[in-house]
Amino acid sequence: MVIEMYDLIIIGSGPAGLSAAVYGMRGGLKLLVVEKAPMSGGQVLNTYEVDNYLGMPGINGFDMGMQFRAHADKLGVEFREGSVTSIENRQEKKLVTVDGEVLEAKTVILATGAQHAHLNVPGEEKLTGMGVSYCATCDGAFFRGKTVAVAGGGDVALEDAIYLARTCEKVYLIHRRDELRGAQVLQQELMALPNVEFLYSHVVEEIQGEEKVDNLRVKNLKTGNSSDLAVDGIFVAVGIHPDTELVRSMVHCDENGYILAGEDCTTDVPGLYAAGDIRRKPIRQIVTAVADGANAAVSAGKFINNN
């Protein structure tokens, strides 16, 4: 049964969703934010320290997430904890099903984010944010002059290793295959760097440390032998999965599942917008997610006014 009509429903309350909520409220929209997790903030909640967000150097990721949510709460944003199971596109409205209840909205912003693939080894979860990172451009500055490892062999892993090699004393690239999968130009650039060591046919078995990462247990897949590798941190770059399964049959996505939407976050479905890590773009960081949220909310307001 349809129980409510909103101007805007925002799905997800990470930085993109919360930014959209703030801009939507300031634009006078009647809106609802639906979040499946118990807390707002998204991936930033698991980040120990954020040092590249303008005006907040060194802020704890959890505190940042709470500040973002507090801003939305101050404006009176309505939140609902629940899982969205379907979105239907009707001619003049969208039907959003949340835990079996159907809500109506004139527009919908998708801000469901993306999930980094994990190694799923002992110590990874415990030390996330304390030496285990999934974003070199976010956290690389904390490891200046130190020794780090990058796990992966695709473009992102190679780009991360190149980026880290500029400031780190040494970078190990750990890849399970005996050759890299990334672009040849990246491989050539990486191989020319004197402080990068390649560990082909190796996998990480365990990430060790108490208060921070101090060692990796790695296994040679050809010999079966395991050895220890002293590092100050590890950057995991084995894939990222956008949470777009809900709408892949509705909107155009690229081969990796990222939604094709411009800087105004408009998709090919009128009244449906994509903001944050689910949108195809070159940089996925907190600042770009916040910008997406603002653009998406403004676009939604214009759509409502014009229709």
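Only helices enter the 222 nm calculation for the chain: every DSSP H run of n ≥ 4 contributes -39,500 (n - 2.57), and dividing by all residues gives -7000 deg cm²/dmol, rounded to 500.
Remark: segment 279-294, residue by residue, has Karplus-estimated 3J(HN,Hα) of 8, 5, 6, x, 10, 10, 9, 4, 5, 6, 5, 4, 5, 4, x, 5 Hz, where x stands for each Gly or Pro and the curve is 6.51 cos²θ - 1.76 cosθ + 1.60 at θ = phi - 60°. Peptides 170-183, 11-24 ranked from most to least packed by the mean count of surrounding Cβ atoms within 10 Å: 11-24, 170-183. Summing Lys, Arg as +1 and Asp, Glu as -1, what charge do residues with Cβ under 11 Å from the Cβ of L193 carry, L193 excluded? Within the 11 Å Cβ shell, the charges total 0.
A simple rule links phi to the HN-Hα coupling: the Karplus curve 6.51 cos²θ - 1.76 cosθ + 1.60 with θ = phi - 60°, which for segment 198-213 gives 9, 10, 6, 6, 10, 10, 7, 8, 7, 10, 10, x, 9, 8, 7, 5 Hz, with x for Gly and Pro. Along segment 239-252 the Karplus relation, 6.51 cos²θ - 1.76 cosθ + 1.60 evaluated at θ = phi - 60°, assigns HN-Hα couplings of x, 9, 10, x, 7, 10, 4, 4, 10, 5, 7, 9, 10, 6 Hz to successive residues, with x for each Gly and Pro.
Once you list every other residue whose beta carbon is under 12 Å from the beta carbon of T244, what net charge do they have if Lys and Arg are +1 and Asp and Glu are -1? So the environment of T244 carries a net charge of -1. Stokes-Einstein at 10 °C, 1.306 mPa s, Kirkwood radius from Cα pairs: D for segment 53-209 in µm² s⁻¹? So the translational diffusion coefficient is about 83 µm²/s.
Summing charges over all other residues whose Cβ lies under 10 Å from the Cβ of I59, with Lys and Arg as +1 and Asp and Glu as -1, gives -3. Sparsely packed loop sites in segment 87-149 (the GluC sites (Glu not before Pro) outside DSSP H, G, I, E and B with at most 10 other Cβ atoms within 10 Å) comprise E92.
At a Cβ-Cβ separation cutoff of 4.7 angstrom, cysteine residues of the chain with no neighbouring cysteine are C168, C253, C265.
For the chain, the tally of Lys pairs with Cα-Cα distances below 22 Å comes to 20, considering only residues 8 or more apart or on different chains. Pairs of Cα atoms in segment 118-236 fall into 10 Å distance bins, from 0 up to the last occupied one, in shares of 15, 50, 32, 3 percent.
Every number in this text was worked out from the coordinates using simple rules, so none of it is lab data. Being a predicted model, the structure only gives us computed values, none of them experimental. Glycine gets a Cβ as well: all are built from the backbone with ideal geometry, and neighbour counts include every protein chain shown.
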